[in-house]
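The values are calculated or read from the model by the stated rules, or taken from the named source; none is laboratory data. Because the structure is a prediction, the values reported are computed rather than measured. So basically every Cβ, Gly included, is an ideal-geometry build from the backbone, and we count neighbours across all protein chains shown. With ligands, DNA and RNA removed, areas are computed over all heavy atoms of the protein, side chains included. Shrake-Rupley method; radii C 1.70, N 1.55, O 1.52, S 1.80 Å.
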Amino acid sequence: YTAEKVRQQYASAAGAKLPAPPSAELQPRLNESETRELQRMEARDRLVRTHEGRHAAALGAYAGAIHYNYQVGPDGRLYALGGYTEVNTMPSATPEATAAKARIIRNAALAPGAISGTDFMVATHAAHMERMAMASVLRSE
């Protein structure tokens, strides 16, 4: 999110006009080190948003909100440097449905390609959830 985007959202929600941001001439120029840092932060922001978006897409109805950890860049804008997607892990109505849900969660945890430690832990938990549900099915037969 940029300050301008937040300003626009606020203005549309409040029905009010906010002052325009300072012109480009008034904004500080970045030195070489700040420019490199900005490029690094922009790349990380794209990666994080893509990663969490893939989780949410693969989770479908089981996805909750996506949360990002932001840092202000040298240009004064916010960049997502980390994040997570909430997951509904509550058991379903039947053990079979719970097992199917666990498979979706496991696949979603592994969906982004670059698997984080947290992604691996979620996939492991989902596999355990599936095994427990299937054991319940076998006991009831």
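If the segment from residue 121 to residue 135 were pulled out straight at 0.36 nm per residue, it would be longer than the present Cα-Cα gap by 2.9 nm. When each of the peptides 31-38, 70-77 is scored by the mean number of other C-beta atoms lying within 10 Å of its residues, the order from highest to lowest reads 70-77, 31-38.
Within the accessible surface of the range 49-125, defined with a 1.4 Å probe on protein heavy atoms only, the carbon and sulfur portion equals 60 percent.
In terms of accessible area, using a 1.4 Å probe and ignoring ligands and nucleic acids, 49, 139 rank largest first as 139, 49. Think of the range 42-141 as having a plus end and a minus end, set by charges on the Cβ of Lys, Arg, Asp and Glu; of 56, 138, 78, 138 sits farthest toward the positive end of this dipole. All other residues whose Cβ lies under 15 angstrom from that of residue 61 are scored, Lys and Arg at +1 and Asp and Glu at -1, for a net of +1.
With a simple spin-label model that places each label point 7 Å from the Cα along the Cα-to-Cβ direction, the separation between residue 68 and residue 89 comes to 2.5 nm.
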